[in-house]
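Have a look at the structure below, then the notes.
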Amino acid sequence: MTRTFLYVPGDTPERFDKALASGADAVICDLEDAVAEAAKPAAREAVAAWLRANSGAPAWVRVNNRPDLLDRDAAMVRSLVDDGICLAGVVVPKADPAACAAGFGGCAVMALIESAVGVAEIYEIAAVPGVVRLSLGEADLAADMGMQPSADALEMWPIRTRVVVASVGRGLDAPSGPVHLDLNDDEGLVATSESLRRHGFGGRAVIHPKQVAAVNAAFTPSEDEITQAEAVVAAFEAAAAKGREVAVLDGRFIDAPVLRQARSVLARVLER
């Protein structure tokens with residue numbers, strides 16, 4: 001499971017290798033918001049050239065979801081695929097079903113939910129063939145919906161929960177959470193990352209390499225969590241060997257759902 005997605009502007013090719021070496025699980029070469037209008041053609045060429053030189057890198061491309069640009073960005077991705085270049089996938093911003101199905105040569109699609117349309121059509125988006133993960137972009141979403149989220153983002157939690165439910169319901173990877181915009185707020189980055197993990201998110205996007213380590217740590221099981229999960233599995237398996245469907249560990253009742261959660265923790269360790 002990818003914990004961190006580090007954004008890097010598509011028109012700054014000198015940063016691509018540094019982003020890849022930052023410790024982030026994946027990078028997102030951005031052709032959209034991080035790139036000025038006049039620089040978009042050059043950014044598209046720079047990203048394509050770098051991907052050709054780094055086939056197989058854990059790199060995504062965030063395309064532009066605009067009628068005048070989506071076709072060009074999608075054509076660039078298809079040309080890479082046709083030439084045998086491997087990339088992690090495509091990030092579709094302001095996601096809607098049509099854009100997610102635009103045709104990216106069979107690449108995986110991460111749908112970025114950041115508009116009222118995206119929230120309203122989230123189950124349809126999650127069902128589009130090729131969509132493997134949902135992500136949440138709260139800055140654009142708040143602007144689109146006229147919201148003014150407080151520091152604890154309480155106003156966003158109904159939508160965050162909807163993203164998790166849609167992901168689980170459609171069998172997608174655990175969703176990616178929103179960026180933390182304050183680069184000087186290390187404490188807030190850790191607290192919000194841990195909160196997202198507890199609520200069912202599998203990782204989050206970051207906008208600077210300095211945020212990578214904290215987010216990776218927040219979405220990686222701790223030693224105590226691993227030890228407890230191993231104990232749960234061992235207790236349940238011992239009970240099953242005796243023909244029992246439940247077990248008790250340190251006074252805690254263990255049944256199939258508890259076992260499933262423990263195995264989920266251990267699976268996250270194996271993926272690292």
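The values are calculated or read from the model by the stated rules, or taken from the named source; none is laboratory data. Everything numeric here is computed off the predicted structure, so don't read it as measured data. Positions of Cβ are backbone-derived with ideal geometry, glycine not excepted, and every protein chain shown enters the neighbour counts. Areas reflect the complete protein model, heavy atoms only, side chains present, ligands, DNA and RNA absent. Shrake-Rupley method; radii C 1.70, N 1.55, O 1.52, S 1.80 Å.
Normalised per residue, the accessible area of the stretch 36-192 is 44 Å², obtained with a 1.4 Å probe and no contribution from ligands, DNA or RNA. Sparse packing (at most 11 other Cβ atoms within 10 Å of the Cβ) combined with a DSSP loop state is found for the following GluC sites (Glu not before Pro) in the stretch 230-266: GLU245.
Subtracting the Cα-Cα distance of ARG263 and ASP185 from 0.36 nm times their residue separation leaves 24.8 nm of extension gain. Listed by chain and number, the lysines whose alpha-carbon sits under 21 Å from that of LYS210, ignoring those within fewer than 8 places in the same chain, are LYS18. Report the normalised scattering of the stretch 1-149 as log10 I(q)/I(0) at q = 0.14, 0.15, 0.20, 0.21 Å⁻¹, calculated by the Debye formula with identical scatterers on the alpha carbons. With no solvent term, the Cα-only Debye profile gives -0.63, -0.72, -1.29, -1.41.
Pairs of Cα atoms nearer than 8 Å and 6+ residues apart set the relative contact order; for the chain it is 15 percent. Looking at the chain, send over the antiparallel percent of its DSSP beta bridges, to the nearest 5. Restricted to the chain, the bridges split so that about 10 percent are antiparallel.
Peptides 153-160, 4-11 ordered by packing proxy, namely the average of other Cβ atoms within 10 Å per residue, highest first: 4-11, 153-160.
Of the accessible area of the chain, computed with a 1.4 Å probe over protein heavy atoms only, carbon and sulfur atoms account for 55 percent.
Here LYS40 is the anchor, and the aspartates and glutamates within straight C-alpha reach of less than 14 Å, apart from those fewer than 8 places off in the same chain, are ASP11, ASP30, GLU32, ASP68, ASP71, ASP73.
Taking the inverse of the mean 1/r over every pair of distinct Cα atoms in the stretch 86-242 gives a Kirkwood hydrodynamic radius of 16.9 Å.
Rounded to whole Å, the principal axis extents of the Cα atoms in the stretch 208-252 read 52, 17, 12, largest first.
Between VAL212, VAL119, VAL232, the GNM of the chain built on Cα springs shorter than 10 angstrom shows VAL232 fluctuating the most.
Taking the chain as the region of interest, what is the percent of Cα-Cα pairs per 5 angstrom bin, listed from the shortest bin to the one with the maximum distance? Histogramming the chain at 5 Å steps yields 1, 6, 12, 15, 17, 16, 12, 8, 5, 3, 2, 1, 0, 0 percent.
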